[in-house]
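Novice: Submitted below is the structure of interest, expressed as structure tokens.
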């Protein structure tokens, strides 16, 4: 079973990201489960969301304590909390960052904020980076890019769907590996 934990702030769409990933996994023919963990339910508060993907039914409903992949929508969380807690030694980290971040894991960065701003994917002054980050997961073959685009079409309409599909394509292409774990 593949376990993915998303970290972001309230208003960044962390819950939507996990849900869309689960839909894309279903479209790829896998079983999936997605759910959030809320603390203080306000804009800007730290939020976690979880997604499990497997080839057989998923019965586990607990928070993900030992993820295979951690997706960080707001890099400032690395300084104020511990989003990497419990990450498996061979785990992967994907961070929304304008510059390389070196961690003791397989680490990838994509500047989702820049992509969102360039495409005007902004709501209430916040760049919408959540769906963009899913393009990175498609690049790592968690789901296919085609299924991700279909999931976006199921969730959004018109121009918003088209912009988000373009954004995941850009993230897919721009994902950069910045560190590897040597075993």
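No value in this document is a laboratory result; all are computed from the given coordinates. Every value quoted in this text rests on a predicted model; they were computed, and no experiment measured them.
Novice: Relative contact order (percent) for the chain, with alpha-carbon contacts under 8 angstrom and 6 or more residues of separation?
Specialist: Numbers: 397 pairs, mean separation 42.1, N = 183.
Relative contact order here is 23 percent.
Novice: Take the alpha carbon atoms of the chain, find their radius of gyration, then divide it by 2.2 N^0.38 Å using N residues; give the quotient.
Specialist: On the way: Rg = 15.0 Å, N = 183, 2.2 N^0.38 = 15.9 Å.
Normalised by 2.2 N^0.38 Å, the Cα Rg of the chain equals 0.94.
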